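Derivation of every value follows stated rules applied to the coordinates shown; laboratory data play no part. Predicted model only: the values in this text are computed from it and were never measured. Note that we place each Cβ from the backbone using ideal geometry, even for glycine, and neighbour counts take in every protein chain shown.
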Amino acid sequence: MFNEFGSDSEFWQEPDFLLADLVSGFVNKGGMELGITLFVKGLVLTGTLTSEQDYLKAISAMFAAQAKKSLVNPSKQEIQNTEEVFDFTGLAEDVDVNELYGNEDGHEPVKPPARTEAEIEEDEDERAMPNIRYLHLKDPVIIQPQPAVSFTHTQVSILRVKLTTIDGWMVGKVTIDDDITDFPPPPPNEIRH
């Protein structure tokens, strides 16, 4: 009766399919940024979802800049080689590289053969969760435990979070009001329990 949810099942270890669809469809493929709050192992994280491509571009630029600083009187070829070595943008899990850059030979990607309605319906019925393992949180703020910690002044202020570590989430970025340090006192006639 409960075998589906038993200890043998990996069901409970899978990431939330709705969050994975949101990250894949809207953020990674659609390029939409979205405020979100995550609950991860007792921590509350808030920030803006950004695409894996944005994350990979940011870390590529950071590593290439650091490597170029170490070169003494580099030639144009050495600079180009350094940029190519630290170009991680082709490592995205959820994006068709041919869609981004075209085929290696410079031609447009080849369209797949036409499919019948039955094949299309079968694919829709067996629709799998997107093949992603991470989401990327731009300008993350850790709210719990106090005090809040922000990473906006780091070289790359994008946090990579494994989807399977997320316990809960909600759309919307939490704002932190530094002026509120204490709750106002209750009215004099109110009884607190």
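Summary of computed values
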| item | result |
| --- | --- |
| Sequence ranges 64-72, 132-140, ranked by mean other-Cβ count within 10 angstrom, highest first | 132-140, 64-72 |
| Fully extended contour minus Cα-Cα distance, from Val149 to Lys68, at 0.36 nm per residue | 26.1 nm |
